[in-house]
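K.L.:
The following block contains the structure, expressed as C-alpha coordinates.
The values are calculated or read from the model by the stated rules, or taken from the named source; none is laboratory data. It should be emphasised that the depicted structure is a prediction, and the values quoted were computed from it without experimental measurement. Heads up, the Cβs are rebuilt from the backbone with ideal geometry, glycines too, and the neighbour counts pull from every protein chain shown. Side chains included, ligands, DNA and RNA excluded: accessible areas come from the protein's heavy atoms. Shrake-Rupley method; radii C 1.70, N 1.55, O 1.52, S 1.80 Å.
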Number of protein chains: 2
Amino acid sequence: MAIPHVRPGDVVDVLPLAAGLPVARSVALFKSDDLELMRLVLPAGKSLPPHQVAGDFVIQCVEGAIEVAAQGRHQVLQAGQLLYLPGGVAHSVTALQDASALVTVALRKP
Amino acid sequence: MAIPHVRPGDVVDVLPLAAGLPVARSVALFKSDDLELMRLVLPAGKSLPPHQVAGDFVIQCVEGAIEVAAQGRHQVLQAGQLLYLPGGVAHSVTALQDASALVTVALRKP
(Lines give C-alpha, C1' and ligand atoms only; values in the text may rest on other atoms or scores of the structure.)
Protein backbone atom coordinates (compact mmCIF):
# COMPACT_ATOMS: atom_id res chain seq x y z
CA MET A 1 0.00 0.00 0.00
CA ALA A 2 1.54 3.28 -1.03
CA ILE A 3 1.33 6.32 1.21
CA PRO A 4 0.70 9.02 -1.32
CA HIS A 5 1.65 12.65 -0.98
CA VAL A 6 3.80 12.59 2.13
CA ARG A 7 5.15 16.10 2.15
CA PRO A 8 7.77 17.92 4.20
CA GLY A 9 6.54 18.19 7.78
CA ASP A 10 3.87 15.51 7.48
CA VAL A 11 3.89 12.98 10.32
CA VAL A 12 4.59 9.43 9.14
CA ASP A 13 3.95 6.37 11.30
CA VAL A 14 6.78 3.86 11.36
CA LEU A 15 5.72 1.77 14.34
CA PRO A 16 5.90 -2.01 14.04
CA LEU A 17 3.08 -3.29 11.84
CA ALA A 18 2.60 -6.15 14.31
CA ALA A 19 -0.64 -7.98 13.47
CA GLY A 20 -0.68 -6.22 10.10
CA LEU A 21 2.76 -7.46 9.12
CA PRO A 22 1.68 -10.68 7.36
CA VAL A 23 -0.45 -8.76 4.87
CA ALA A 24 1.78 -5.69 4.49
CA ARG A 25 3.91 -4.87 1.47
CA SER A 26 7.01 -2.82 1.00
CA VAL A 27 6.19 0.84 0.48
CA ALA A 28 7.94 4.04 -0.54
CA LEU A 29 7.31 6.60 2.22
CA PHE A 30 8.76 9.66 0.55
CA LYS A 31 11.36 10.89 -1.89
CA SER A 32 12.85 14.33 -1.43
CA ASP A 33 15.68 16.04 -3.30
CA ASP A 34 18.32 14.35 -1.15
CA LEU A 35 16.69 11.33 0.50
CA GLU A 36 14.42 8.41 -0.19
CA LEU A 37 12.71 6.50 2.62
CA MET A 38 11.12 3.09 2.21
CA ARG A 39 9.57 0.57 4.55
CA LEU A 40 10.73 -2.87 3.48
CA VAL A 41 8.48 -5.80 4.39
CA LEU A 42 9.98 -9.29 4.12
CA PRO A 43 8.32 -12.54 5.23
CA ALA A 44 10.51 -15.05 7.06
CA GLY A 45 12.85 -16.83 4.66
CA LYS A 46 12.46 -14.34 1.83
CA SER A 47 15.40 -12.38 0.46
CA LEU A 48 16.26 -9.39 -1.60
CA PRO A 49 18.99 -10.77 -3.84
CA PRO A 50 22.27 -8.87 -4.13
CA HIS A 51 21.74 -5.36 -5.45
CA GLN A 52 23.15 -1.90 -4.98
CA VAL A 53 22.06 1.72 -4.78
CA ALA A 54 24.07 4.77 -5.80
CA GLY A 55 24.14 6.59 -2.46
CA ASP A 56 24.98 5.62 1.10
CA PHE A 57 22.04 4.08 2.94
CA VAL A 58 20.82 3.07 6.38
CA ILE A 59 18.74 -0.02 7.10
CA GLN A 60 16.93 -0.03 10.45
CA CYS A 61 15.07 -3.13 11.61
CA VAL A 62 11.64 -2.18 12.99
CA GLU A 63 10.38 -5.66 13.86
CA GLY A 64 11.41 -9.24 13.38
CA ALA A 65 14.99 -9.95 12.35
CA ILE A 66 16.93 -9.58 9.10
CA GLU A 67 20.36 -10.59 7.93
CA VAL A 68 22.30 -8.13 5.80
CA ALA A 69 25.13 -9.57 3.75
CA ALA A 70 27.69 -7.17 2.29
CA GLN A 71 31.42 -6.77 1.99
CA GLY A 72 31.99 -10.32 3.21
CA ARG A 73 30.05 -9.81 6.45
CA HIS A 74 26.71 -11.24 7.50
CA GLN A 75 25.10 -9.04 10.13
CA VAL A 76 21.84 -9.78 11.93
CA LEU A 77 19.64 -6.80 12.80
CA GLN A 78 16.97 -7.17 15.45
CA ALA A 79 14.25 -4.57 16.08
CA GLY A 80 15.90 -1.32 17.12
CA GLN A 81 19.19 -1.98 15.37
CA LEU A 82 20.58 -0.44 12.20
CA LEU A 83 23.64 -0.31 10.01
CA TYR A 84 24.80 1.81 7.13
CA LEU A 85 26.61 0.89 3.94
CA PRO A 86 28.27 2.97 1.28
CA GLY A 87 26.64 3.54 -2.06
CA GLY A 88 27.67 1.11 -4.76
CA VAL A 89 28.14 -1.80 -2.36
CA ALA A 90 26.32 -4.97 -3.38
CA HIS A 91 24.22 -6.29 -0.51
CA SER A 92 21.46 -8.79 0.10
CA VAL A 93 18.80 -8.84 2.81
CA THR A 94 17.17 -11.99 4.19
CA ALA A 95 14.34 -12.10 6.73
CA LEU A 96 15.10 -14.52 9.56
CA GLN A 97 11.63 -13.84 10.93
CA ASP A 98 8.74 -11.89 9.43
CA ALA A 99 10.28 -8.43 9.42
CA SER A 100 9.91 -4.81 8.47
CA ALA A 101 12.71 -2.30 8.17
CA LEU A 102 13.22 1.35 7.28
CA VAL A 103 15.63 2.01 4.46
CA THR A 104 16.95 5.55 4.04
CA VAL A 105 18.94 6.17 0.87
CA ALA A 106 20.96 9.26 0.04
CA LEU A 107 20.21 10.31 -3.52
CA ARG A 108 23.40 11.19 -5.33
CA LYS A 109 23.11 13.68 -8.08
CA PRO A 110 24.99 12.99 -11.26
CA MET B 1 28.76 9.44 25.18
CA ALA B 2 30.17 9.22 21.71
CA ILE B 3 30.13 5.94 19.86
CA PRO B 4 33.51 6.01 18.18
CA HIS B 5 34.42 4.30 14.98
CA VAL B 6 31.05 3.07 13.78
CA ARG B 7 31.94 1.79 10.36
CA PRO B 8 29.95 0.57 7.39
CA GLY B 9 28.23 -2.67 8.31
CA ASP B 10 28.62 -2.24 12.07
CA VAL B 11 25.42 -2.89 14.03
CA VAL B 12 24.22 0.17 15.97
CA ASP B 13 21.62 -0.02 18.72
CA VAL B 14 18.88 2.59 18.49
CA LEU B 15 16.38 1.11 20.92
CA PRO B 16 14.76 3.43 23.44
CA LEU B 17 17.23 4.35 26.17
CA ALA B 18 14.40 3.93 28.71
CA ALA B 19 15.90 3.99 32.23
CA GLY B 20 19.12 5.39 30.77
CA LEU B 21 17.38 8.37 29.17
CA PRO B 22 17.72 10.82 32.07
CA VAL B 23 21.50 10.58 32.03
CA ALA B 24 22.00 10.23 28.27
CA ARG B 25 23.37 12.91 25.97
CA SER B 26 22.98 13.58 22.31
CA VAL B 27 25.49 11.62 20.28
CA ALA B 28 26.76 11.43 16.72
CA LEU B 29 26.32 7.84 15.56
CA PHE B 30 28.17 8.05 12.24
CA LYS B 31 29.05 10.31 9.37
CA SER B 32 29.52 8.84 5.92
CA ASP B 33 30.13 10.55 2.60
CA ASP B 34 26.42 11.17 2.09
CA LEU B 35 24.73 10.87 5.48
CA GLU B 36 25.06 11.87 9.08
CA LEU B 37 23.12 10.12 11.84
CA MET B 38 22.67 11.47 15.35
CA ARG B 39 20.69 10.46 18.37
CA LEU B 40 19.20 13.57 19.89
CA VAL B 41 18.42 13.46 23.63
CA LEU B 42 16.19 16.21 25.00
CA PRO B 43 14.78 16.41 28.54
CA ALA B 44 11.16 17.49 28.89
CA GLY B 45 10.77 21.21 28.34
CA LYS B 46 14.13 21.69 26.65
CA SER B 47 14.43 22.98 23.10
CA LEU B 48 16.82 23.23 20.24
CA PRO B 49 16.30 26.82 19.13
CA PRO B 50 15.63 27.53 15.46
CA HIS B 51 18.47 26.34 13.29
CA GLN B 52 18.98 24.81 9.87
CA VAL B 53 21.10 22.24 8.10
CA ALA B 54 22.16 22.24 4.47
CA GLY B 55 20.61 18.95 3.37
CA ASP B 56 17.20 17.34 3.71
CA PHE B 57 16.77 15.50 7.00
CA VAL B 58 14.52 13.05 8.82
CA ILE B 59 13.69 13.23 12.50
CA GLN B 60 12.30 10.04 14.02
CA CYS B 61 11.04 10.00 17.60
CA VAL B 62 12.34 6.93 19.45
CA GLU B 63 10.78 7.60 22.86
CA GLY B 64 8.91 10.35 24.63
CA ALA B 65 7.41 13.10 22.52
CA ILE B 66 8.81 16.09 20.67
CA GLU B 67 7.33 19.04 18.87
CA VAL B 68 8.94 20.13 15.62
CA ALA B 69 8.20 23.68 14.49
CA ALA B 70 8.99 24.61 10.90
CA GLN B 71 7.40 26.34 7.98
CA GLY B 72 4.57 27.63 10.17
CA ARG B 73 3.56 24.17 11.40
CA HIS B 74 3.93 22.65 14.85
CA GLN B 75 3.97 18.87 14.60
CA VAL B 76 4.11 16.48 17.53
CA LEU B 77 6.04 13.25 17.05
CA GLN B 78 5.44 10.34 19.39
CA ALA B 79 7.64 7.25 19.52
CA GLY B 80 7.54 5.53 16.14
CA GLN B 81 6.70 8.65 14.15
CA LEU B 82 8.90 10.70 11.86
CA LEU B 83 8.87 13.61 9.48
CA TYR B 84 11.27 15.05 6.94
CA LEU B 85 12.12 18.61 6.10
CA PRO B 86 14.09 20.16 3.27
CA GLY B 87 17.59 21.46 3.77
CA GLY B 88 17.80 25.14 4.57
CA VAL B 89 14.50 25.24 6.46
CA ALA B 90 14.72 26.80 9.93
CA HIS B 91 13.23 24.50 12.53
CA SER B 92 13.11 24.13 16.29
CA VAL B 93 12.59 21.00 18.38
CA THR B 94 11.02 20.95 21.85
CA ALA B 95 10.71 17.92 24.09
CA LEU B 96 7.18 17.56 25.47
CA GLN B 97 8.40 14.60 27.53
CA ASP B 98 11.91 13.28 28.09
CA ALA B 99 12.69 12.16 24.57
CA SER B 100 15.23 10.72 22.21
CA ALA B 101 15.11 10.89 18.44
CA LEU B 102 17.15 9.80 15.46
CA VAL B 103 18.16 12.56 13.07
CA THR B 104 19.40 11.58 9.62
CA VAL B 105 20.85 14.42 7.57
CA ALA B 106 21.80 14.28 3.91
CA LEU B 107 25.20 15.87 3.42
CA ARG B 108 25.15 18.14 0.41
CA LYS B 109 28.39 18.62 -1.37
CA PRO B 110 29.30 22.11 -2.46
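K.L.:
Hey, got the average number of other protein chain Cβ atoms within 10 angstrom for residues in A:75-85?
P.N.:
Counting Cβ atoms of other protein chains within 10 Å of each residue's Cβ and averaging gives 5.
K.L.:
Give the cross-link partners of residue A:31 among the lysines, using a straight C-alpha distance below 22 Å as the criterion and excluding same-chain residues fewer than 8 apart.
P.N.:
Hits, sequence-local ones excluded: A:109, B:31, B:109.
K.L.:
Grab the other residues whose beta carbon is less than 14 angstrom from that of residue A:39, score K and R as +1, D and E as -1, and report the net.
P.N.:
Once all neighbours under 14 Å are counted, the net charge is -2.
K.L.:
Separate question: What FRET efficiency do you get for residue B:28 and residue B:108 if R0 is 22 Å and r is their Cβ-Cβ distance, rounded to the nearest 0.05?
P.N.:
That pair, residue B:28 with residue B:108, gives E of 0.80.
K.L.:
If you don't mind, there's one more thing I want to ask. Give the accessible area for residue A:31 in Å² (nearest 10); use a 1.4 Å probe, count only protein heavy atoms, and leave out ligands, DNA and RNA.
P.N.:
140
K.L.:
With an 8 Å Cα cut-off and a minimum separation of 6 or more residues, compute the relative contact order for chain A in percent.
P.N.:
32
K.L.:
For a test of the definition: using alpha carbon positions, the gyration tensor, and the 1.5 limit on a/c, classify chain B as rounded, prolate or oblate.
P.N.:
Judged from the Cα gyration tensor, chain B comes out oblate (a/c at least 1.5, b/c at or above a/b).
K.L.:
Using θ = phi - 60° and the Karplus curve 6.51 cos²θ - 1.76 cosθ + 1.60, what whole-Hz ³J(HN,Hα) does each residue of the stretch B:89-99 get, with Gly and Pro shown as x?
P.N.:
Coupling constants for the stretch B:89-99: 8, 5, 8, 10, 10, 10, 7, 8, 9, 3, 8 Hz.
K.L.:
If you don't mind, another one. Which of rounded, prolate or oblate describes the protein assembly as shown when judged by the alpha-carbon gyration tensor and an a/c cut-off of 1.5?
P.N.:
Rounded, because the longest to shortest axis ratio a/c is under 1.5.
K.L.:
Follow-up question, since we're still on this one. Around residue A:67, what is the net charge, scoring Lys/Arg as +1 and Asp/Glu as -1 over all other residues with Cβ under 13 Å from its Cβ?
P.N.:
That works out to +2.
K.L.:
Using a 1.4 angstrom probe and counting only protein chains, how large is the accessible area of residue B:36 in Å², to 10?
P.N.:
Its accessible surface works out to 40 Å², give or take rounding.
K.L.:
Then there is this: Between the label point of residue A:97 and that of the same position in each other copy, find the distances and list them shortest first in nm, with every label point placed 7 Å from Cα along the Cα-to-C-beta direction.
P.N.:
Reported distances to equivalent positions: 2.4 nm.
K.L.:
I would also like to ask the following. For peptide A:26-33, how many partner chain Cβ atoms fall within 10 Å of a residue's Cβ, on average?
P.N.:
3
K.L.:
Taking amide H atoms as placed 1.01 Å from N in the peptide plane, list the residues 5 or more away in sequence, or in a different chain, whose amide H sits under 5 Å from that of residue A:65.
P.N.:
HN-HN under 5 Å from residue A:65: A:96, A:97.
K.L.:
Could you order peptides B:11-24, A:88-101 by the average number of other Cβ atoms within 10 Å of their residues, highest first?
P.N.:
Ranking, from highest mean packing down: A:88-101, B:11-24.
K.L.:
Counting only protein chains, not ligands or nucleic acids, how are B:7, B:39 ordered by accessible area (probe 1.4 Å), most first?
P.N.:
B:7, B:39
K.L.:
How far apart are the residue A:72 label points across copies, placing each 7 Å from Cα toward Cβ, in nm, shortest first?
P.N.:
5.6
K.L.:
Next question. Using only the Cα atoms of the stretch B:59-110, build the gyration tensor, take square roots of its eigenvalues as a ≥ b ≥ c, and label the shape rounded, prolate or oblate: rounded if a/c is under 1.5, else prolate if a/b is larger than b/c, else oblate.
P.N.:
Because a/c hits 1.5 or more and a/b fails to exceed b/c, the stretch B:59-110 counts as oblate.
K.L.:
Inside 10 Å of the C-beta atoms of A:35-48, what's the mean count of C-beta atoms belonging to other chains?
P.N.:
Partner Cβ neighbours, averaged per residue: 1.
K.L.:
Carbon and sulfur: what percent of the protein assembly as shown's accessible surface (1.4 Å probe)?
P.N.:
Using a 1.4 Å probe with all protein chains present, the protein assembly as shown comes out at 58 percent carbon and sulfur.
K.L.:
Add +1 for every Lys or Arg and -1 for every Asp or Glu among the other residues with Cβ under 15 Å from the Cβ of residue A:18, and state the total.
P.N.:
-2
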